[in-house]
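The values are calculated or read from the model by the stated rules, or taken from the named source; none is laboratory data. Note that the structure is a prediction, hence the values are computed from the model and not measured. Here the Cβ positions follow ideal geometry from the backbone for every residue, glycine too, while neighbour counts run over all protein chains shown. The accessibility values were calculated without ligands, DNA or RNA, using every heavy atom of the protein model including side chains. Shrake-Rupley method; radii C 1.70, N 1.55, O 1.52, S 1.80 Å.
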Amino acid sequence: MTRTRKASMIAALAALPLALTACVGGGGTGGGGGAAAEGGDTDDQTLTIWHYENDDSAMGQAWAKAIEVFEAEHPDVTVEVEKQTFEQIQKNAKIVLTGDDVPDVMEYNKGNATAGQLAAQGLIAPLTDAAERNGWADELPGSLATTATYDENGLMGSGEWYGVPNYGEFVGVYYNQAMFDDLGLEVPTTLDELETVMQAFADEGITPLAEAGAEYPMGQLWYELVLANADRDFVDRYQLFDGDVDFHGPEMTAATEQLDAWIKEGYVASDSAGLTAEDMGVGFIKGDYPMMVSGSWWFGRVVAEMKDDWGQFNFPGNDLHVGSSGNLWVVPTNADSPSLAEEFIDTTLRPEVQDVLAQSGGLPVAGDASTIEDAKTKELTENFQEILDADGLAFYPDWPVPGYYDVVVSELQSLINQSKSPDEVLDGLESAYVDGKSDLLGE
């Protein structure tokens with residue numbers, strides 16, 4: 001029997017001082033590296049799940065299917081689902097997980113500053129043994145698995161498994177087919193062709209790109225241009241600290257100078273420094289702009305609201321793309337039912353659950369696009385699969401160090417406003433990156 005509880009202790013704890021010192025309680029059995037693997041844990045007959053997906057979202061529908069399958073195979077287990085919000089879990093997880101009243105499995109954001117910090121502080125359990133037993137490493141190869149593993153400092157990409165993703169996300173290009181048709185334009189397949197298309201719109205007095213400098217979109221466009229000049233070695237150095245990064249090297253210099261040229265050419269609106277992601281999306285959906293470079297998370301909204309004919313394509317010419325696995329399932333160290341949690345995680349990777357993700361536009365990591373009937377959903381999934389086949393996920397520009405998001409936004413706003421040169425923008429990005437890296441590594 002599934003019980004859903006929307007109110008939980010995590011909301012009540014929102015008012016607690018965030019300066020409380022985190023300490024790990026000693027009552028848990030761990031999430032799969034120890035007792036659960038040896039049959040010696042004390043699992044009860046309840047599995048408590050925390051997640052923050054809406055019921056009608058692709059993920060919400062898939063989790064409901066996973067619960068249905070799990071309950072059918074565990075008739076004596078009661079599943080309790082507690083709906084949280086992303087902000088609640090993000091803000092309070094470090095406090096809540098020090099206690100004994102914790103979920104058995106919960107959805108949590110991936111990355112150094114989030115899941116990595118919980119792992120480093122001992123608040124979530126290693127899942128390496130479970131990953132080996134269940135073959136998760138085979139199902140989640142390459143860049144998909146990067147966000148699942150963390151070292152002793154909480155840095156992703158090596159060490160123990162601490163989480164398991166089962167869907168993905170990526171940044172591509174949404175385009176207005178009607179506006180393309182009006183000018184007789186084809187979908188570009190190279191960066192040069194993209195510039196030709198943008199110039200054709202600019203010549204007609206149309207700003208080609210819907211953009212937003214006040215939030216994440218401009219940083220993701222900039223990073224796509226960095227990746228157009230980069231390889232996996234650069235990504236590993238920038239994201240995983242596997243070597244030093246030259247911010248004035250060819251990758252970042254070419255990208256920043258190209259973006260500066262696009263701004264000067266009018267490919268990006270001059271007022272976009274003050275626009276939010278919502279402003280960008282609404283402008284594209286209304287037909288004010290022919291293209292929007294943004295994430296797969298916009299897909300459902302565009303499907304529901306856009307009146308003009310539209311399509312999608314991967315950022316032209318790139319082998320590497322902005323994107324990653326989706327959020328992680330993690331098992332708190334103090335969970336009462338860690339082995340049940342592992343079984344539930346494994347259930348979310350089953351074909352029947354992955355196919356629900358696929359059919360609803362959720363970008364499964366182990367799905368089958370041939371089961372998708374809707375043409376646009378199939379196109380989205382095939383675009384993502386093309387990236388996965390090339391191991392092309394290169395994460396997000398703000399991921400390397402805590403607080404870097406605000407720095408990326410601010411520096412690129414300066415570029416849009418033309419108050420800083422490309423070199424000055426790179427200086428600002430480098431300074432914050434070097435300081436943040438030093439803090440994380442204790443240098």
Could you list, ordered by first residue, the pairs with Cβ atoms under 6 Å in which the first is in the stretch 234-254 and closer than 20 Å to residue 319 by Cα and in contact (Cβ under 8 Å) with a residue 24 or more places away in the chain and the second is open to solvent by less than 30 Å² (accessible area, probe 1.4 Å) and assigned to a loop (DSSP other than H, G, I, E, B), at least 6 apart or interchain? 235/394; 238/245; 239/400; 251/230
By residue number, the members of the stretch 323-335 that are touching a Leu at 6+ places or on another chain (Cβ under 8 Å) and open to solvent by less than 10 Å² (accessible area, probe 1.4 Å) are 323, 324, 325, 326, 330, 331, 332, 334
Counting just the residues of the stretch 410-436 that are crowded, with 20+ Cβ neighbours inside 10 Å and either touching a residue at least 60 places away in the same chain (Cβ under 8 Å) or of a type in the set (Val, Ile, Thr) (or both), which one comes out nearest to residue 239 (Cα to Cα)? 429
Report whether or not residue 294 is touching a helix residue (DSSP H, G or I) at 6+ places or on another chain (Cβ under 6 Å) and modelled with pLDDT under 95. no
When you look at residue 85, is it among the polar types (S, T, N, Q) and in contact with a Ser or Thr (Cβ under 6 Å, 6 or more places away or on another chain), yes or no? no
Tell me whether the stretch 261-278 contains one or more residues that are in contact with a helix residue (DSSP H, G or I) (Cβ under 8 Å, 6 or more places away or on another chain) and under 28 Å from residue 116 (Cβ atoms). yes
Which residues, counting only those in the stretch 147-160, are open to solvent by less than 20 Å² (accessible area, probe 1.4 Å), among the polar types (S, T, N, Q) and not in a strand (DSSP E or B)? 147
Please go through the stretch 216-235 and give me each residue that is charged (D, E, K, R) and either open to solvent by 40 Å² or more (accessible area, probe 1.4 Å) or in contact with a helix residue (DSSP H, G or I) (Cβ under 6 Å, 6 or more places away or on another chain) (or both), ordered by number. 231, 232, 233
Lone qualifier among 339, 370 - being open to solvent by 60 Å² or more (accessible area, probe 1.4 Å) and of a type in the set (Ser, Thr, Tyr): 370
Show me the helices (runs of 4 or more DSSP H) found entirely inside the stretch 162-242 where at least 1 residues are at pLDDT below 95. 232-240
Take residue 262 and decide whether it is aromatic (Phe, Trp, Tyr), touching a Gly at 6+ places or on another chain (Cβ under 7 Å) and part of a helix (DSSP H, G or I). no
Is there a residue being open to solvent by 20 Å² or more (accessible area, probe 1.4 Å) and either among the basic types (Lys, Arg) or in contact with a Lys or Arg (Cβ under 8 Å, 6 or more places away or on another chain) (or both) anywhere in the stretch 304-322? yes
Assess whether residue 184 counts as being of a type in the set (Gly, Ala, Ser), closer than 24 Å to residue 302 by Cβ and open to solvent by 40 Å² or more (accessible area, probe 1.4 Å). yes
Quick one: what pairs do we get from the stretch 80-95, first residue closer than 20 Å to residue 57 by Cβ and touching a residue at least 40 places away in the same chain (Cβ under 8 Å), second among the aromatic types (Phe, Trp, Tyr) and open to solvent by less than 20 Å² (accessible area, probe 1.4 Å), C-beta under 6 Å, 6+ apart or different chains? 82/50; 84/50
Only one residue in 61, 121, 84, 88 is within 15 Å of residue 353 (Cβ to Cβ) and either buried (at least 16 other Cβ atoms within 10 Å of the Cβ) or of a type in the set (Ser, Thr, Tyr) (or both). Which one? 61
Yes/no for residue 139 being at pLDDT below 90, charged (D, E, K, R) and open to solvent by 10 Å² or more (accessible area, probe 1.4 Å): yes
Going through the stretch 252-284 one residue at a time, which ones are over 23 Å from residue 298 (Cβ atoms), open to solvent by 30 Å² or more (accessible area, probe 1.4 Å) and charged (D, E, K, R)? 257, 264, 265
Report every pair of residues separated by at least 6 positions or lying on different chains whose Cβ atoms are under 8 Å apart, first residue within the stretch 175-189 and closer than 17 Å to residue 316 by Cβ, second of a type in the set (S, T, N, Q). 175/312; 188/196
